[in-house]
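These notes are about the structure you will find just below.
The values are calculated or read from the model by the stated rules, or taken from the named source; none is laboratory data. Just so it is clear, the model here is predicted, and its values are computed rather than measured. Heads up, the Cβs are rebuilt from the backbone with ideal geometry, glycines too, and the neighbour counts pull from every protein chain shown.
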Amino acid sequence: MKYFFQLFTFIAIVGFGTACGSTGQSKAMASENAESGDQTFGASFTPKAIVAYEDLSSKVTDTDSLAVTVQGTVAEVCQNKGCWMSITNGEGEDMMVRFKDYGFFMPKDISGREVIMNGKAFYQVTPVDELRHYAEDAGKSQEEIDAITEPKRELSFLADGVILVKK
């Protein structure tokens with residue numbers, strides 16, 4: 001019985017390590033469209049019926065999510081791994097974008113670039129500790145982080161694929 005437990009533990013550790021290693025590789029990969037120069041991260045998709053981020057809030061209800069393809073300008077990207085980004089309308093209304101199952105990450109230097117995202121838009125209330133975590137990831141000062149004292153109701157997006165439009 002003792003050897004069975006040791007063998008099981010060994011197999012579990014090796015299996016988990018292998019799974020983590022292969023997941024890490026797929027997260028770093030991006031495909032590039034040779035004709036347009038655009039890069040696709042996550043699931044490939046053909047953009048159809050694209051909604052501008054500025055028009056999205058009028059299409060999403062408070063209680064339901066909306067499967068949609070959205071185009072917008074990147075405001076910030078997580079500076080730790082590229083595991084989230086925010087899209088801006090230029091008037092201070094930013095939308096938090098996360099990536100389905102953390103299946104891919106975005107480059108950290110794409111602020112100001114245009115993206116087309118496929119996924120689901122929805123409203124949520126983001127707690128203070130999560131908002132502070134995002135501010136820290138974005139490289140904000142401790143003063144800016146400490147100023148976050150209220151949860152925020154915001155439009156969010158869960159992307160399964162993102163096209164980074166060529167400059």
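Points to keep in mind about this one:
- Some residue of the stretch 147-167 being within 19 Å of Phe45 (Cα to Cα), among the aliphatic types (A, V, I, L, M) and over 14 Å from the mean Cα position of the chain (by Cα): yes
- Enumeration of residues in the stretch 49-83 that are part of a loop (DSSP other than H, G, I, E, B) and touching a helix residue (DSSP H, G or I) at 6+ places or on another chain (Cβ under 7 Å): Cys78, Gln79, Asn80, Cys83
- Candidates Lys100, Lys81, Lys108, filtered to the one that is surrounded by fewer than 21 Cβ atoms within 10 Å (Cβ to Cβ) and within 15 Å of Asp160 (Cα to Cα): Lys100
- Those residues of the stretch 125-164 which are surrounded by fewer than 15 Cβ atoms within 10 Å (Cβ to Cβ) and part of a strand (DSSP E or B), in sequence order: Val125, Lys152, Arg153
- Qualifying residue in the stretch 99-115 (condition: of a type in the set (Lys, Arg) and either in a strand (DSSP E or B) or closer than 12 Å to Glu154 by Cβ (or both)): no
- Hey, Thr88 over 13 Å from the mean Cα position of the chain (by Cα) and modelled with pLDDT of 95 or more or not: no
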